[in-house]
1. Run down A15, A75 and say which single residue is surrounded by fewer than 17 Cβ atoms within 10 Å (Cβ to Cβ) and among the aliphatic types (A, V, I, L, M).
2. Pairs needed: first member in region 8-20, closer than 10 Å to R35 by Cβ and part of a helix (DSSP H, G or I); second member anywhere, open to solvent by less than 100 Å² (accessible area, probe 1.4 Å) and not polar (S, T, N, Q); C-beta distance under 9 Å; at least 6 residues apart or different chains.
3. Step by step: first the residues of region 94-117, then only those that are farther than 21 Å from F42 by Cα and part of a loop (DSSP other than H, G, I, E, B), then the one that is modelled with the highest pLDDT. Which residue is that?
4. So, in region 123-141, of the ones that are in contact with a strand residue (DSSP E or B) (Cβ under 8 Å, 6 or more places away or on another chain) and surrounded by fewer than 17 Cβ atoms within 10 Å (Cβ to Cβ), which residue ends up modelled with the lowest pLDDT?
5. Is it the case that N84 is open to solvent by 70 Å² or more (accessible area, probe 1.4 Å), among the polar types (S, T, N, Q) and closer than 23 Å to E120 by Cα?
6. Criterion first (open to solvent by 60 Å² or more (accessible area, probe 1.4 Å), in contact with an Asp or Glu (Cβ under 9 Å, 6 or more places away or on another chain) and within 27 Å of N124 (Cβ to Cβ)) does T31 satisfy it?
Amino acid sequence: MLFLERGFVAAQERAAWRANAEISESIPGFTPGKRSLKGLHFTGKRMKGADFRDLDLHGVSFCDAELVGANFDGANLRSADFTNANLETTTSRKADLSEALPLGSNLGRADMREIESVHEAQVNTKSCWPPSRFQGFENLKMKATPVVRYDDQGTPVTGRDADGPCPDWTAD
């Protein structure tokens, strides 16, 4: 009987944790540990400094989320939806971003060195995905449509800032 009672209490604690994660608007420093995030949606959440290291986030939605400084090192981000998310200063070393959707996302100053894959990730003209973050990964398997940047007069930008839709912050 005691075993069943402990199991019931543990199930209630998991359910309460998941419910709190779902309904909270702001979860700074979010650290799920080994808990499963399958089926959770973080759409519109403010999660500055969240720790998602080595987690399976396959298909998780982070649309419109504020994830500045979050750590995605080693995470499985296949098919994760980051549409319009702020991912500035995040780290994604050794992460798999295959088929991810950073459409309109700000990845400025993100540390994406040693990324495993961005194959078939989808970016658009509003995605701030600085190519300089992929230096040294010329053979990285990536299938994405090159983005042309235009100035206010509609003229294609050439020269130093022509590499992507956001500034090259490597000079900072």
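The values are calculated or read from the model by the stated rules, or taken from the named source; none is laboratory data. Predicted model only: the values in this text are computed from it and were never measured. Cβ sites come from the backbone with ideal geometry, for glycine too, and all protein chains shown count toward neighbours. Areas reflect the complete protein model, heavy atoms only, side chains present, ligands, DNA and RNA absent. Shrake-Rupley method; radii C 1.70, N 1.55, O 1.52, S 1.80 Å.
1. A15
2. Here the result reads W17/P32; R18/L37; R18/G39; R18/L40, each pair linking region 8-20 to a residue that is open to solvent by less than 100 Å² (accessible area, probe 1.4 Å) and not polar (S, T, N, Q).
3. Once the filter is applied, the top-ranked residue is K94.
4. Among residues in region 123-141 that are in contact with a strand residue (DSSP E or B) (Cβ under 8 Å, 6 or more places away or on another chain) and surrounded by fewer than 17 Cβ atoms within 10 Å (Cβ to Cβ), the one modelled with the lowest pLDDT is K141.
5. yes
6. no
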